[in-house]
Amino acid sequence: MHGPAVSGWLLMALCGLTGAYCLLRTRGETGEERRAARAEALMGFGMAAMAVPAAVVTPPVWGWAVYAVLFGLSSLRALWFARHSAHHLHHLVGSSAMVYMAVAMAPGGGGAHGGHGGHTGHGVAATAGGIPLLTGLLLAYYAAYVLRSGTRLIPVATVAGGSGPVAGGPVGGGWAARPELALACRLTMGIAMFAMLLTL
């Protein structure tokens, strides 16, 4: 994304808020839903940190290795829990994409690192980095995921017959437990991941 640094701040804010909401969800969920919320909170905060414009905070050289190790472990965790829930396969793709971006953005990893072709790519045009085929496959995956998630939100926001409760959302139970909000957060992270992959 070759725009002003404000785009990086916007991504950081969206991902940070999404991560915070997912963290709140862990308090009201149990079992698989709690594990999914934890993984999504980690993803949201990780993406927020990666989206900070480099003009403000220049990441240390070892910072990219920390990203790679952290999300490498997250990938292994997602692979383990995918035995019980197919949704963790999406977490596996997301964590693996974070590892890929960290490696591509690191000095000598193929991505531009100054101004942020490396950190966010927002503000200064980035040189091509990473493996074009792999980047293209990830972009295709997230484009499909965003479209699918968006269509799933349509009936949730539609009131059947013009009256009655909103379809798909529980009556009561608190706003932190509403499935349409969790889906909206996943949609937000999917869009953010697509935008960040475009900077490679």
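The values are calculated or read from the model by the stated rules, or taken from the named source; none is laboratory data. Note that the structure is a prediction, hence the values are computed from the model and not measured. Using ideal geometry, Cβ is built from the backbone for each residue, glycine included, and neighbour counts are taken over all protein chains shown. Just the protein is used for accessible areas: all its heavy atoms, side chains included, with ligands, DNA and RNA removed. Shrake-Rupley method; radii C 1.70, N 1.55, O 1.52, S 1.80 Å.
Pairing residues of region 25-54 that are under 11 Å from C15 (Cβ atoms) with residues that are open to solvent by less than 40 Å² (accessible area, probe 1.4 Å) and part of a loop (DSSP other than H, G, I, E, B), at Cβ distances under 6 Å and at least 6 apart in sequence or on separate chains, gives A51/T120. If the condition is being hydroxyl-bearing (S, T, Y) and either buried (at least 20 other Cβ atoms within 10 Å of the Cβ) or part of a helix (DSSP H, G or I) (or both), then region 1-47 contributes S7, T18, Y21, T26.
Each row is one residue, and each column tells you yes or no for (1) open to solvent by less than 60 Å² (accessible area, probe 1.4 Å); (2) closer than 20 Å to L23 by Cα; (3) part of a loop (DSSP other than H, G, I, E, B); (4) not aromatic (F, W, Y).
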position	(1), (2), (3), (4)
W64	yes, no, no, no
A68	yes, no, no, yes
F71	yes, yes, no, no
W80	no, no, no, no
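Condition check for A55 on (1) assigned to a helix (DSSP H, G or I); (2) surrounded by fewer than 20 Cβ atoms within 10 Å (Cβ to Cβ): one failure, at (1). In region 175-187, the qualifying residues are those that are of a type outside the set (F, W, Y) and open to solvent by 40 Å² or more (accessible area, probe 1.4 Å), and the one that is modelled with the lowest pLDDT is A177.
Please work out which residue is nearest to A37 (Cα to Cα), limiting yourself to region 58-105 and to residues that are of a type in the set (V, I, T) and in contact (Cβ under 8 Å) with a residue 24 or more places away in the chain. Ranking the qualifying residues of region 58-105, first place goes to V93.
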